[in-house]
1. Take each of the peptides 115-127, 134-146, average the number of other beta-carbon atoms within 10 Å over its residues, and list them starting from the highest.
2. Obtain the nm distance between the two label points defined at Tyr46 and Ser104 by a simple spin-label model: each point lies 7 Å from its Cα along the Cα-to-C-beta direction.
3. Could you rank the peptides 84-90, 104-110 by their average count of other C-beta atoms within 10 Å per residue, with the highest value first?
4. Looking only at Cα atoms, what is the convex hull volume of region 65-183 per residue, in Å³?
5. Averaged over every viewing direction, what's the projected area of the C-alpha convex hull for region 1-50? Give it in nm², one decimal, please.
6. For q = 0.08, 0.14, 0.17 Å⁻¹, what log10 I(q)/I(0) does the chain give under the Debye formula with an equal point scatterer on each alpha carbon and no solvent?
7. All other residues with a Cβ under 12 Å from the Cβ of Ser127 taken together, and with Lys, Arg as +1 and Asp, Glu as -1, what is their net charge?
Amino acid sequence: MARRRRRVSPEQILHAAALEFAERGYAGARVDRIARRAAVNKAMLYYHFTSKQQLYRTLLRQMFSRAAERLQAIAGSNAAPAAKVDRVIAAIAAVIQEHPVFPSIMLREVAEGGAHLDRATLLALASVPRAVAAIVEEGVASGAFRAVHPVFAYFSVLAPIVFYLAGTPIRKELSHLHVIDLRALSPAEFVAAMQDAARRSFARDRRVRRAS
């Protein structure tokens, strides 16, 4: 009796690819290692993805799209602009914590000047700052926010979260060396501090209260 072939999902391969790309970057990643991580043969991997390039871009588009969906839902809600910013910061942190390899992949890609991003992947990426921009523009138009530029607003909330969460291993090593205790601020406390900083930075009236 013929053995039943084990089903392999694209998600299983994408998960293995994310680990490989995070550890070695695009150039250093190897399809054979991705296949071994996913416990599939290369023929099965190529059945789902025709090349390493397609695998990489599919992974990034999926990550960007999932993040954008959350932020777009927040932007389209009936909450006040300041409350939306709070939720955006929490959502960005949650996405990164759910996909801890994502910062490593993106920081490598940024360092290489986006060399591996095609138009479709860039459009998927652009959907993330667009969602944040919509919230900022709403806040400015309503008078809740000062005339803050949406691009500044986006990077001012994204970059600290990415670097804080991506730097967890380094913070642990520094703490072990007793140089400085950088573990004292938990991720939840860091997010709360970022929310407070963003409210104060964006608010038209700097005597801002906590968003409800």
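Read-outs throughout are calculated quantities, based only on the coordinates presented, and are distinct from any laboratory measurement. Please read all numbers here as calculations on a predicted model, not as lab measurements. No Cβ is skipped: glycine too gets one built from the backbone with ideal geometry, and neighbour counts run over all protein chains shown.
1. Numbers: 115-127: 14.8, 134-146: 17.6.
Averaged packing, sorted descending, gives the order 134-146, 115-127.
2. 2.7 nm
3. Working: 84-90: 23.4, 104-110: 17.4.
For the peptides 84-90, 104-110, the packing ranking is 84-90, 104-110.
4. Working: hull volume 15.1 nm³, N = 119.
Residue-normalised Cα hull volume stands at 127 Å³.
5. On the way: hull surface 13.9 nm².
Mean projected area of the Cα convex hull: 3.5 nm².
6. Debye curve over Cα of the chain, log10 I(q)/I(0) at q = 0.08, 0.14, 0.17 Å⁻¹: -0.35, -0.92, -1.16.
7. Residues close to Ser127 contribute a combined charge of +3.
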